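Heads up, the thing below is written out as structure tokens.
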Amino acid sequence: MKRKWTAALTVLLGAALTLTACGGGKQQTTTGTSKDDGKTYTFKAGHSLTENHPYHLSLKQLKENVEKRTNGKVKIEVYPLSQLGAERELTEALSLGTADMSISSTAPIANFYPAIGVVDLPFLFGSREHATKVLDGKVGQDLLKGLEKSGIIGLAWGENGFRHITNSKKEIKSPEDLKGIKIRTQENKIHIAAFEALGAKPTPMAWTEALTALQQGVVEAQENPAIVADQYKLYESKQTFMSLTGHVYSPAVFMFSKSKWDTLPPDIQKIIAEEAKAAAKFEREQIAKMEEESLKKLKEKGVKIFENVDKKPFRDAIKPVYEKYESQFGKKLIEDIVNTK
Ligand code: PAF
């Protein structure tokens, strides 16, 4: 009798090991070791920056911790350098359910979820600490939740630092110096309106096109945090002047496609959500650390950095942009953000 039971158990175990099933990511194969549905999930996570950038380093941390905590039940493959698409197209793919996961700056997300655009208003945040308070507080958490209506789960806030202007022509000290300068901007209506108000000629395009446009002189300027100018060696694309305008703080969102998310069991969702928050915290710490280093490297490469920018004339010039967008976002929301201590 005992021998019969042992034989039956062996057959059952063997069957469990060879079963296949389908889940949220790619074709799924049972591991035979899971105590629940036996499914495994493979997701692709993409972003637009290099393998040394905190976007990448934090996604690697997320991958390792999620794989460990789910005993390999969830696998995450990380793709840098827009390999899965530039930020706007990848965000759209997440919302359509044709991509799984990404980190993106907020600017292009606003094309699908206009409410998030409020955080891209120029000179909204006085410091990194101010931005972190707002994003980790009610305003930021409500914005993350609101993404769900666009088919995206907003997991956590990361960042890329304050954006500064680089160009191939001259030192930019005041809005007058920007007159007529052809500048590449992100695909974001507020950024475009702000540079128009400053007298520049903004051309919105994906980051994947920006380098060629700078090299060929189609645009003369761009604006991004120092870490991007450093890691993409923008001085080799004629960007030899940099002004620390800090005109926009660039928040980033760790995102998951809602249609993929909904296929996951709650315990796995919980692990991914927790690890995304931990990865985002790590990401922000790394950006803060690496920013100084990047400025130093840019100087060593001969980039002329104008540090003491008087921001008042820039702020004054973009006042009409605030007035225009007050009606969209609500004056009270903007004031609440500005007054967050
Ligand atoms: O300028 C951009 O498009 C973004 O800042 C970048 C470089 C893709 C990082 O989010």
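The values are calculated or read from the model by the stated rules, or taken from the named source; none is laboratory data. Only a predicted model underlies this, so the values are computations on that prediction, with no experimental measurement involved. Please note: Cβ atoms are built from the backbone with ideal geometry, for glycine as well, and neighbour counts cover all protein chains shown.
When residues of the range 184-213 are filtered for being β-branched (V, I, T), part of a strand (DSSP E or B) and surrounded by 21 or more Cβ atoms within 10 Å (Cβ to Cβ), how many remain? Working first, answer last.
So in the range 184-213, the residues β-branched (V, I, T) come out as 185, 190, 192, 203, 208, 212.
If we keep only those that are part of a strand (DSSP E or B) too, we end up with 185, 203.
Adding the requirement that they be surrounded by 21 or more Cβ atoms within 10 Å (Cβ to Cβ) leaves 185.
Qualifying residue count for the region: 1.
Of all residues in the range 291-318, those that are surrounded by fewer than 12 Cβ atoms within 10 Å (Cβ to Cβ) and either more than 27 Å from the chain's Cα centre (by Cα) or modelled with pLDDT under 95 (or both) total 6. Scoring V228 on the criteria (1) within 27 Å of G126 (Cα to Cα); (2) away from the ligand (no atom under 12 Å from the Cβ) leaves a single failure, condition (2). Confirm whether A280 is within 16 Å of the ligand (Cβ to nearest atom), within 24 Å of L135 (Cβ to Cβ) and not in a strand (DSSP E or B). Spelling it out, A280 is indeed within 16 Å of the ligand (Cβ to nearest atom), within 24 Å of L135 (Cβ to Cβ) and not in a strand (DSSP E or B).
Restricting to the range 89-98, and then to whatever is aliphatic (A, V, I, L, M) and more than 15 Å from A206 (Cβ to Cβ), can you tell me which residue is farthest from the ligand (Cβ to nearest atom)? Before you say what the answer is, go through the steps one by one.
Of the residues in the range 89-98, the ones aliphatic (A, V, I, L, M) are 90, 93-94, 96.
Within this subset, residues satisfying the condition of being more than 15 Å from A206 (Cβ to Cβ) are 94, 96.
Values: L94: 15, L96: 20 Å.
The residue in question is L96.
Among the residues of the range 35-58, those identified as touching a helix residue (DSSP H, G or I) at 6+ places or on another chain (Cβ under 6 Å), of a type in the set (G, A, S) and either away from the ligand (no atom under 11 Å from the Cβ) or not in a loop (DSSP other than H, G, I, E, B) (or both) are A45, G46, S58.
Anything in the range 223-263 that is over 25 Å from T132 (Cα atoms), touching a Ser or Thr at 6+ places or on another chain (Cβ under 6 Å) and of a type in the set (S, T, N, Q)? List them, or say none. Selection gives Q239 alone.
If only residues of the range 214-227 that are free of Cβ contacts under 8 Å to residues at least 60 places away in the same chain and not in a loop (DSSP other than H, G, I, E, B) are counted, the one that is farthest from K182 (Cα to Cα) is Q215.
Condition first: of a type in the set (S, T, Y) and closer than 13 Å to N224 by Cβ. Now tell me which residues in the range 185-213 satisfy that. Can you show your working first?
Keep residues of the range 185-213 that are of a type in the set (S, T, Y), which gives 185, 203, 208, 212.
T185, the sole residue that qualifies.
With the requirement that a residue be closer than 22 Å to I109 by Cβ and of a type in the set (F, W, Y), what does the range 182-240 give you? Selection gives F195, W207, Y232.
Every residue in the range 81-121 that is in a loop (DSSP other than H, G, I, E, B) and surrounded by 19 or more Cβ atoms within 10 Å (Cβ to Cβ), please. Steps first, answer last, please.
First pass over the range 81-121, keeping only residues in a loop (DSSP other than H, G, I, E, B): 81-86, 97-100, 110-113, 121.
Passing the criteria: L84, G85, A86, A99, D100, A110, Y113, L121.
Just one of the listed residues (L144, L124, L155) is part of a strand (DSSP E or B), away from the ligand (no atom under 16 Å from the Cβ) and touching a residue at least 60 places away in the same chain (Cβ under 8 Å), and it is L155. For V139, the conditions (1) away from the ligand (no atom under 13 Å from the Cβ); (2) among the hydrophobic types (A, V, I, L, M, F, W, C); (3) in a helix (DSSP H, G or I); (4) under 17 Å from the mean Cα position of the chain (by Cα) all hold with the exception of (4). Here S104, S82 are screened, and the one residue that is touching a strand residue (DSSP E or B) at 6+ places or on another chain (Cβ under 8 Å), farther than 18 Å from E148 by Cβ and at pLDDT 95 or above is S82.
Residue by residue, here is whether (1) of a type in the set (D, E, K, R); (2) touching a Pro at 6+ places or on another chain (Cβ under 6 Å); (3) under 24 Å from F112 (Cα atoms) holds:
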{"residue": "M242", "(1), (2), (3)": "no, no, no"}
{"residue": "D262", "(1), (2), (3)": "yes, no, yes"}
{"residue": "D310", "(1), (2), (3)": "yes, no, no"}
{"residue": "P313", "(1), (2), (3)": "no, yes, no"}
{"residue": "Q328", "(1), (2), (3)": "no, no, yes"}
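In the range 59-88, the residue that is farthest from the ligand (Cβ to nearest atom) out of those that are more than 12 Å from the chain's Cα centre (by Cα), among the charged types (D, E, K, R) and closer than 26 Å to A288 by Cα is E64. Here M242, M205 are screened, and the one residue that is away from the ligand (no atom under 12 Å from the Cβ) and under 23 Å from P122 (Cα atoms) is M242.
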